[in-house]
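Novice: Following this message is one structure expressed as structure tokens.
All of the numbers you see were taken from the coordinates with simple rules; none came from a lab. The shown structure was predicted, so the numbers you read here are calculated from the model rather than taken from an experiment. Here the Cβ positions follow ideal geometry from the backbone for every residue, glycine too, while neighbour counts run over all protein chains shown.
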Amino acid sequence: MTTAARQAVFLDRDGVLNQALVRHGKPYPPASLAELQIVPEAPEALAALQAAGFLLLGVTNQPDVARGTQRREVVEAINAALLATLPLAEILVCYHDDGDGCACRKPQPGLLLQAATRYCLTLPASFMIGDRWRDVEVGRRVGCRTVWLDYG
């Protein structure tokens, strides 16, 4: 007897679950809970994915905490608001900057591998959805199928 694969959809936070704020042509995460705007299509899309049997997990790099330009409490408040509104099981966060050399900052696979262990996931049966090259690359590195949202 074989066991069915446990599938997940990993979703980047800023630009996928919530609107990225564009300043000088570059996207940024919301700086406060007041700036949080959920992508209008996200609740319906996530409900459909959940109804199809996928476990939904947010995965996000938040290097502004390591850079000292954002407080961890603000990131956690934004994540809590997303978790209260969207059918996500969890949002996994990397608070490091590139120079920290951690295993969890996308495109490194640490966050997805941690989730795979915690939730007994089959990564080749799972998806990674993101709006940056790092999101697509981390999915590729762990064998997920990837979806790139190109906002131009």
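Novice: Within the stretch 116-152, how many residues turn out to be within 12 Å of the chain's Cα centre (by Cα), in a helix (DSSP H, G or I), surrounded by fewer than 22 Cβ atoms within 10 Å (Cβ to Cβ) and of a type in the set (A, V, I, L, M, F, W, C)? It would help to see each step written out before you state the result.
Specialist: Filtering the stretch 116-152 down to residues within 12 Å of the chain's Cα centre (by Cα) leaves 127-132, 134-136, 138-139.
From the residues that got through so far, the ones that are in a helix (DSSP H, G or I) too are 134-136, 138-139.
Still in the running and surrounded by fewer than 22 Cβ atoms within 10 Å (Cβ to Cβ): 134, 136.
When the remaining residues are screened for being of a type in the set (A, V, I, L, M, F, W, C), the result is 136.
Going through the stretch 116-152 one residue at a time, the tally reaches 1.
Novice: Looking at R141, R134, R105 in this structure, which one is out of contact with any strand residue (DSSP E or B) (no Cβ under 8 Å at 6 or more places or on another chain) and in contact (Cβ under 8 Å) with a residue 24 or more places away in the chain? So that I can check it myself, show each step before the final result.
Specialist: Values: R134 fails: out of contact with any strand residue (DSSP E or B) (no Cβ under 8 Å at 6 or more places or on another chain); R105 fails: out of contact with any strand residue (DSSP E or B) (no Cβ under 8 Å at 6 or more places or on another chain).
Among R141, R134, R105, only R141 is out of contact with any strand residue (DSSP E or B) (no Cβ under 8 Å at 6 or more places or on another chain) and in contact (Cβ under 8 Å) with a residue 24 or more places away in the chain.
Novice: On the basis of being more than 16 Å from the chain's Cα centre (by Cα), closer than 17 Å to R13 by Cα and either surrounded by 20 or more Cβ atoms within 10 Å (Cβ to Cβ) or touching a residue at least 12 places away in the same chain (Cβ under 8 Å) (or both), does R67 make the cut? Show your work before the answer.
Specialist: Details: more than 16 Å from the chain's Cα centre (by Cα): yes; closer than 17 Å to R13 by Cα: no; either surrounded by 20 or more Cβ atoms within 10 Å (Cβ to Cβ) or touching a residue at least 12 places away in the same chain (Cβ under 8 Å) (or both): yes.
No.
Novice: Given the structure, is R105 out of contact with any Ser or Thr (no Cβ under 7 Å at 6 or more places or on another chain) and outside any helix (DSSP H, G or I)?
Specialist: Yes: the conditions hold for R105.
Novice: Quick one: what pairs do we get from the stretch 7-30, first residue assigned to a loop (DSSP other than H, G, I, E, B), second surrounded by fewer than 21 Cβ atoms within 10 Å (Cβ to Cβ) and of a type in the set (G, A, S), C-beta under 6 Å, 6+ apart or different chains?
Specialist: Between residues of the stretch 7-30 that are assigned to a loop (DSSP other than H, G, I, E, B) and residues that are surrounded by fewer than 21 Cβ atoms within 10 Å (Cβ to Cβ) and of a type in the set (G, A, S), the close pairs are Q7/A125; L17/A42.
Novice: Just the residues that are of a type in the set (S, T, N, Q) and either more than 23 Å from V138 (Cβ to Cβ) or within 12 Å of the chain's Cα centre (by Cα) (or both), please, taken from the stretch 5-60. Break it down stepwise before answering.
Specialist: The first filter runs over the stretch 5-60 and keeps only residues of a type in the set (S, T, N, Q), leaving 7, 18-19, 32, 37, 50, 60.
Across the stretch 5-60, the qualifying residues are N18, S32, Q37, T60.
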